[in-house]
């Protein structure tokens, strides 16, 4: 009798059982939660703030909208959204409670508390009704999802018709020489920084490896189209180190 083959996926450069990945990712972000924002500044030399502002520029938040920010962690995107649209509502959704707890402690959280919810759960099985949100964002999180297409499909389900889907994620530099230079920085600088700042080299080694496993820009754009979204476009940021992808539920 042939035994069923266990489904596998990648965890950085490791091949792991598909049903084990979520727990491993949860462990990574639980370990780094208290230093997550500091490490983001250190790793990107603060450029991640410009990328998030560029995301808001393209998104153009409007009063009255309901935002779902998945893998929203410590609230960076939700805070930016609500500051641009003071009469909007936002839900920060993350698989790691300690990341949400770190976000709640930020000064912005108390100032925006009446317009902000924090919910822990799985991006592949959102606990929301169909057609619930005007905007779905996910920033530097979708590459950590076990089945990325499932997360995209869930985004489509919970968005209202006319809703906007936007992803900010590390990507691939189209120039091989520049990509090589970036790889040297990533693998030789970021994990030691993680050890120095967060006392956790292994988690940041995984994060660097996970970036290299993420689909390049046009492949990911097609995955968004496969999820049902239309008018799918992307913009490279800082030569393609990161990219913004946008789609609409029509």
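The values are calculated or read from the model by the stated rules, or taken from the named source; none is laboratory data. Just so it is clear, the model here is predicted, and its values are computed rather than measured. Counting neighbours? That spans all protein chains shown, and the Cβs are built from the backbone with ideal geometry, glycine included.
Observations
- The residue of region 124-161 that is nearest to residue 48 (Cα to Cα), among those that are assigned to a strand (DSSP E or B) and in contact with a helix residue (DSSP H, G or I) (Cβ under 9 Å, 6 or more places away or on another chain), is 139.
- Condition check for residue 232 on (1) farther than 19 Å from residue 48 by Cα; (2) within 17 Å of the chain's Cα centre (by Cα); (3) crowded, with 16+ Cβ neighbours inside 10 Å: one failure, at (2).
- Matching residues, region 94-107, being within 24 Å of residue 62 (Cα to Cα) and under 20 Å from the mean Cα position of the chain (by Cα): 94, 103, 104, 106
- Test result for residue 68, crowded, with 20+ Cβ neighbours inside 10 Å, closer than 30 Å to residue 191 by Cα and either touching a residue at least 12 places away in the same chain (Cβ under 8 Å) or out of contact with any helix residue (DSSP H, G or I) (no Cβ under 6 Å at 6 or more places or on another chain) (or both): no
- Residue within region 163-177 that is closer than 29 Å to residue 19 by Cα and free of Cβ contacts under 8 Å to residues at least 60 places away in the same chain present: no
- Residue match in region 239-250 (condition: modelled with pLDDT of 95 or more, assigned to a loop (DSSP other than H, G, I, E, B), under 30 Å from residue 159 (Cα atoms) and more than 20 Å from the chain's Cα centre (by Cα)): yes
- Taken over region 209-238, the criterion of being under 21 Å from residue 44 (Cα atoms) and in a strand (DSSP E or B) is satisfied by 234, 235, 236, 237.
- Filter pass, residue 209 being surrounded by 15 or more Cβ atoms within 10 Å (Cβ to Cβ) and farther than 21 Å from residue 58 by Cβ: yes
- Residue check, residue 203 in contact with a helix residue (DSSP H, G or I) (Cβ under 8 Å, 6 or more places away or on another chain) and not in a loop (DSSP other than H, G, I, E, B): yes
- The numbered conditions (1) in contact with a strand residue (DSSP E or B) (Cβ under 6 Å, 6 or more places away or on another chain); (2) modelled with pLDDT of 80 or more; (3) surrounded by fewer than 18 Cβ atoms within 10 Å (Cβ to Cβ) are all true for residue 51 except (3).
- Residues of region 85-110 that turn out to be surrounded by fewer than 15 Cβ atoms within 10 Å (Cβ to Cβ) and farther than 21 Å from residue 36 by Cα, as a count: 2
- Being assigned to a strand (DSSP E or B), touching a residue at least 60 places away in the same chain (Cβ under 8 Å) and touching a helix residue (DSSP H, G or I) at 6+ places or on another chain (Cβ under 6 Å) is a property that residue 99 lacks.
- Within region 118-143, the set of residues being more than 16 Å from the chain's Cα centre (by Cα) and buried (at least 21 other Cβ atoms within 10 Å of the Cβ) comprises just one member, 133.
- Looking only at region 235-247, and only at residues there that are in contact with a strand residue (DSSP E or B) (Cβ under 7 Å, 6 or more places away or on another chain) and buried (at least 18 other Cβ atoms within 10 Å of the Cβ), the one that is farthest from residue 178 (Cα to Cα): 247
- Test: residue in region 71-78 that is under 12 Å from the mean Cα position of the chain (by Cα), in a helix (DSSP H, G or I) and in contact (Cβ under 8 Å) with a residue 60 or more places away in the chain: yes
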